[in-house]
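In what follows, a structure is listed as structure tokens, so that the remarks can point back to it.
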Amino acid sequence: MSRKRRMFDIDMPAMEEIPVGKVPDKVLEKRRGPMATAISENADALRDQQSTEDTIRAENDRLAHELVRLRSEGLVTEHVSLSDVVTEKLTRDRKPGPDPELDELKDSIRDIGLSNPIRLERRSDGRFDLIQGMRRLSAYRALLEETGGDLYAKIPAGISEAADLSDSYRRMVDENLIRKDISFAEMGALARAYAEDPANGCPDVDKAVAILFKSASYTKRSYIRSFASLLMMLDKVLMHPNDIPRNLGVELKRKLDANPSLIRQVSTAVMNEPDRDGPREVAILRTFVETEERTPKKHANATGGKTRRAKTTFQVSGRAGVAKCSASSGRIELRYDLDFTRVDRAKLEQAIATLIDDLQEEGDLTHG
């Protein structure tokens, strides 16, 4: 009887060709069923989704912290009810009375809205102190009164946390320094009000000017100090101080410093015309400056007998304006809008020494 043939011939690989402890990928793929594949793909998708959510959450946290920072610095614009804005914290440097430019601002707001939000500080009672934007707030209030519409019931504002009082004043002043219509009398009056307020701890007006107008040039601060002093000398006398030109105010203050008895004369002359307007008040003040300037000339003419020496006159432009100069034998005069008494003495002496050293007569070096 013949032997039966086997149904399958299995070729067994050599033992050394079988990898130990590792199942070939092809074997795994062959063994993985549809369910296992679906589960694996779903797990990969969940891992990708978790990674995406973590990335989004981290970005949201970053943006939230950035929003908190910007809001605390007043760089996020919010709409605030006009009734919640309080204007009593700071003494304003705006002159009282109607604002001739308010109608132009109202027209602009009607046409294109408010392009520059006001600046507020939070109060403990839930309301807000106005720091910058009195004219803009006034325009919104006027528009609300005129129209009665909700469009102007709220105003765009940048809101920050309450700051030190001197810092709040600085923010207001720095914004207003760029105004073309602000007068030196307004700035001088603000310095006085700041110094007179016990809450500021600054009773000295000169120091108040240095604090409030730190961003201004030295020369401009000198003018502001002059006007602050002038307003104190003529307190409750001037009705139109904002109309006084810079040069007139500075020169008048110098005259009153040199001759305090003039204060009573100026006060009497001004108050003798209770119905005066701004130009008339300026004209009265100007007479005292011009009279004082003319007096030396009349005295020189009265002495007579001496031939007037040749004199050279010229003008030189400087940072504070034009300097008027006159030079004669042994004498040079300089008229310039700068309070030389406030210049550091060593600096002034050095400037004069440099001037003398640089000037020499042509020809010989004798000096008459």
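The values are calculated or read from the model by the stated rules, or taken from the named source; none is laboratory data. No experiment lies behind these values; they were computed from the predicted model shown. Cβ: placed from backbone, ideal geometry, glycine included. Neighbour counts: every protein chain shown. For accessibility, only protein heavy atoms count, side chains too; no ligands or nucleic acids. Shrake-Rupley method; radii C 1.70, N 1.55, O 1.52, S 1.80 Å.
Each residue of the stretch 184-199 is assigned a 3J(HN,Hα), and the resulting list reads 5, 5, 4, 5, x, 5, 5, 4, 4, 4, 5, 5, 7, 7, x, 5 Hz, derived from the Karplus form 6.51 cos²θ - 1.76 cosθ + 1.60 (θ = phi - 60°), x at Gly and Pro. Once the Cα-Cα distance is subtracted from the 0.36 nm per residue extended length, the Ile352 to Asp204 segment shows a gain of 50.2 nm. Accessible surface of Glu59, taken over heavy atoms with a 1.4 Å probe and every protein chain present, rounds to 80 Å². Rounded to whole numbers, the Karplus 3J(HN,Hα) couplings from phi for the stretch 340-348 are 5, 5, 9, 7, 3, 4, 4, 5, 5 Hz, using 6.51 cos²θ - 1.76 cosθ + 1.60 with θ = phi - 60°, and x at Gly and Pro. Between their Cα atoms, which of Lys207/Lys347; Lys207/Lys253; Lys207/Lys324; Lys324/Lys347; Lys311/Lys347 are more than 26 Å away from each other? From the list (Lys207/Lys347; Lys207/Lys253; Lys207/Lys324; Lys324/Lys347; Lys311/Lys347), the Cα-Cα distance tops 26 Å for Lys207/Lys324; Lys311/Lys347. Residues Glu251, Glu273, Glu196, ordered by accessible area of protein heavy atoms at a 1.4 angstrom probe radius and largest first, appear as Glu196, Glu273, Glu251. Using R₀ = 51 Å, calculate the FRET efficiency as 1/(1 + (r/R₀)^6) where r is the Cβ-Cβ separation of Gln265 and Asp125; round to 0.05. Result of the calculation: an efficiency of 0.50.
Backbone phi angles across the stretch 131-147, fed through the Karplus curve with coefficients 6.51, -1.76 and 1.60 (θ = phi - 60°), yield HN-Hα couplings of 10, 9, x, 5, 5, 5, 5, 4, 5, 5, 5, 5, 5, 5, 5, 6, 9 Hz in residue order; Gly and Pro are listed as x.
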